[in-house]
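Visitor: Once you've had a glance at the structure underneath, I'll fire off some questions.
The values are calculated or read from the model by the stated rules, or taken from the named source; none is laboratory data. All values reported here derive from a predicted model rather than from experimental measurement. Glycine also receives a Cβ, built like all others from the backbone with ideal geometry; neighbour counts cover every protein chain displayed.
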Amino acid sequence: MTKSTVTHGTTYNTKAADKLAELLITSMNHEAFDPQQEDQNPVSFADNPNYNRNAYILFGQLVAKCEKATINTGQYIMKLEQAVEDEKAKNPAAPDTEMLDKRIAKAYADQENSAVLAHALEVFFEVCVDRTWTDHKDFQSTLDQLFGGTATSTQSRIQPTKDSALARMKARKSA
């Protein structure tokens, strides 16, 4: 099993996450994504903030939810570990941490699952939606701007076709 550490401190199987991303990429109807020429105004060359808007919103929310779940589960794990330490300090002779240990093990499994999903969805988002994922906070800020009518851009450009999506996925794996 190939493991990798993500920025949220979670170790997970990147090969499984990449396979899941590849399955998502090949399973989607790529006609739902805007053609590249719609990314900019042909006259003013200004960025089109509505380029792949529906995909940006839908898939960005999925990535953000999984990323947030990974972060929140990490915070929960820290609370549980602190509870174990407190129990050991209160009752050093015979600490009763069996249930807490089970909760911690389950929380680590939950965190790993959400990290795998976050990774797969992030790869899918970047390849198919044709935008660079920064984090859930930036996504929420851009989303607020889109709905407020103040967004000027949602970032990078690449033609999102099924073939180019697979090529980008393979290039990303080899990097």
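Visitor: Going through the range 14-69 one residue at a time, which ones are more than 13 Å from Val123 (Cβ to Cβ) and among the polar types (S, T, N, Q)?
Guide: Passing the criteria: Ser27, Asn29, Gln36, Gln37, Gln40, Asn41, Ser44, Asn48, Asn50, Asn52, Asn54, Gln61.
Visitor: What is the one condition in (1) at pLDDT 80 or above; (2) over 23 Å from Tyr51 (Cα atoms) that Thr134 does not satisfy?
Guide: Every condition holds for Thr134 apart from (2).
Visitor: Turning to a different aspect of this structure: For the range 7-42, what are the residues that are in contact with a strand residue (DSSP E or B) (Cβ under 9 Å, 6 or more places away or on another chain) and over 27 Å from Ala69 (Cβ atoms)?
Guide: Correct list: Asp39, Gln40, Asn41.
Visitor: Restricting to the range 82-140, name every residue that is touching a residue at least 12 places away in the same chain (Cβ under 8 Å) and outside any helix (DSSP H, G or I).
Guide: If the condition is that a residue be touching a residue at least 12 places away in the same chain (Cβ under 8 Å) and outside any helix (DSSP H, G or I), then Thr97, Asp130, Arg131, Thr132, Trp133, Asp135 are the ones that fit.
Visitor: Identify, from the list Leu121, Leu80, the residue that is touching a Cys at 6+ places or on another chain (Cβ under 7 Å), buried (at least 16 other Cβ atoms within 10 Å of the Cβ) and not β-branched (Val, Ile, Thr).
Guide: Going through Leu121, Leu80 in turn, the sole match is Leu121.
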